[in-house]
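Enquirer: The structure's right below; bear with me while I get my questions together.
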Amino acid sequence: MLVPILRRIALGAITLLGVATLVFVATELIPGDAAFAILGQSASEEALVSMRERLGLDRPAYVRYFDWLGRALAGDLGVSFGTNAPVAPLVAERLWNTLRLAAFAALISMPAAFLIGVGTAIRAGSALDRGVGALALTVVAVPDFFVGLVLVFLLAVQLDLFPAIAIVRPGQDFGGFLWATFLPAMTLALAIAPHLIRMTRSAILSGLTSSYVETSILKGLSRTRIIWCHVLPNVVGPLISVSALILAYFIAGVVVVETVFAFPGIGRLMVDAIAIKDTQLIQACALVLAGIYVGINTLADVLAGLSNPRLRGDT
């Protein structure tokens, strides 16, 4: 197993390098630059040239790329053009908020979605199964921002149970954080739970067609016991991969949700940085999110491999 694991880690590192390159190229293609965003439309050409020299934007793109990449590998994410402050502490603070929101959303959605998926597989073809499937497809078809707005209207405006804006303050207690972030966490949960329900159901129903299931049926075991004791252990690998994709989305795909609820996470930080053409901050946020996404998927592949007896060499 060691060689496949090392190969997968190396592939993840190469992927991250490619993503870093694409991020740098994308920020270079953004119209305008930080000097123009800082000084405004009334700035003279001399002032713009001076500002570009101070920010290092007068150097060739390839020079700035290798300089940025070398500093990023050393842990230095640069200095924000907008605030003239180190980028790393700001990104770390916002990332911590996003991680807490993602963990809250995962705790809401993943256990419930897994159990619902198992339940619909046990009762495949029943009215419950068809109803859950139709509801899941409906929720998947609705955009995240619309789900968030509906939750705000129902739970914040009409019932006044939760705040419409997720206000997170330093030193906030755990209960206060959960109360303030319930609506964005529920929005994320509703966006992802249907996928996990459908994948869990499909994996279990696919496992039920295996030969060992036929043997269990001949032994007189119930469908519920077959699923819990025999099918689930054999489909855990694909479910781990799906769960990893979900977790990666929670962390790297929360830009829209954070913007809707004004949540101070890394996604909203990147949106604000794009608005002022702060390329150092944009690159840092994108690189961190890409690193998390690639890292989670690499870990999922490794865990899926370890859960497969044939890859472990047990059979």
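Enquirer: Could you figure out which of (1) more than 22 Å from L245 (Cα to Cα); (2) surrounded by 12 or more Cβ atoms within 10 Å (Cβ to Cβ) isn't true of V139?
Expert: (1)
Enquirer: Which condition breaks for L17 when tested against (1) farther than 16 Å from Q280 by Cβ; (2) touching an Asp or Glu at 6+ places or on another chain (Cβ under 9 Å)?
Expert: L17 satisfies all of (1) farther than 16 Å from Q280 by Cβ; (2) touching an Asp or Glu at 6+ places or on another chain (Cβ under 9 Å) except (2).
Conditions tested, residue by residue: (1) under 20 Å from the mean Cα position of the chain (by Cα); (2) at positive phi; (3) surrounded by 15 or more Cβ atoms within 10 Å (Cβ to Cβ); (4) hydroxyl-bearing (S, T, Y).
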| position | (1), (2), (3), (4) |
| --- | --- |
| A88 | yes, no, yes, no |
| R94 | yes, no, yes, no |
| L99 | yes, no, yes, no |
| P111 | yes, no, no, no |
| L115 | no, no, no, no |
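Enquirer: How many residues, within region 172-222, are part of a loop (DSSP other than H, G, I, E, B), within 25 Å of the chain's Cα centre (by Cα) and without any contact (Cβ under 8 Å) to a residue 60 or more places away in the chain?
Expert: Residues meeting the conditions: 2.
Enquirer: Take V157 and tell me if it is in contact (Cβ under 8 Å) with a residue 40 or more places away in the chain and either closer than 24 Å to V255 by Cα or in contact with a strand residue (DSSP E or B) (Cβ under 9 Å, 6 or more places away or on another chain) (or both).
Expert: Judged against the criteria, V157 is not a match.
Enquirer: Still on this structure, please answer the following. Would you confirm whether or not region 260-281 contains a residue that is under 12 Å from the mean Cα position of the chain (by Cα), at pLDDT below 80 and on the phi < 0 side of the Ramachandran plot?
Expert: No, that holds for no residue.
Enquirer: Give me the residue from region 123-136 that is of a type in the set (D, E, K, R) and part of a helix (DSSP H, G or I) and, out of that set, surrounded by the most Cβ atoms within 10 Å (Cβ to Cβ).
Expert: Of everything passing the filter in region 123-136, D129 is surrounded by the most Cβ atoms within 10 Å (Cβ to Cβ).
Enquirer: Shifting gears a bit: Can you find a residue that is surrounded by 13 or more Cβ atoms within 10 Å (Cβ to Cβ), within 22 Å of G291 (Cα to Cα) and at pLDDT 80 or above anywhere in region 51-65?
Expert: Checked against the condition, which is being surrounded by 13 or more Cβ atoms within 10 Å (Cβ to Cβ), within 22 Å of G291 (Cα to Cα) and at pLDDT 80 or above, region 51-65 yields at least one hit.
Enquirer: Examine region 38-45 for a residue that is under 18 Å from I274 (Cα atoms) and either of a type in the set (S, T, Y) or assigned to a loop (DSSP other than H, G, I, E, B) (or both), and state whether such a residue exists.
Expert: Taking every residue of region 38-45 in turn, at least one turns out to be under 18 Å from I274 (Cα atoms) and either of a type in the set (S, T, Y) or assigned to a loop (DSSP other than H, G, I, E, B) (or both).
The values are calculated or read from the model by the stated rules, or taken from the named source; none is laboratory data. Remember, it's a predicted structure, so these values are computed and weren't measured experimentally. Cβ sites come from the backbone with ideal geometry, for glycine too, and all protein chains shown count toward neighbours.
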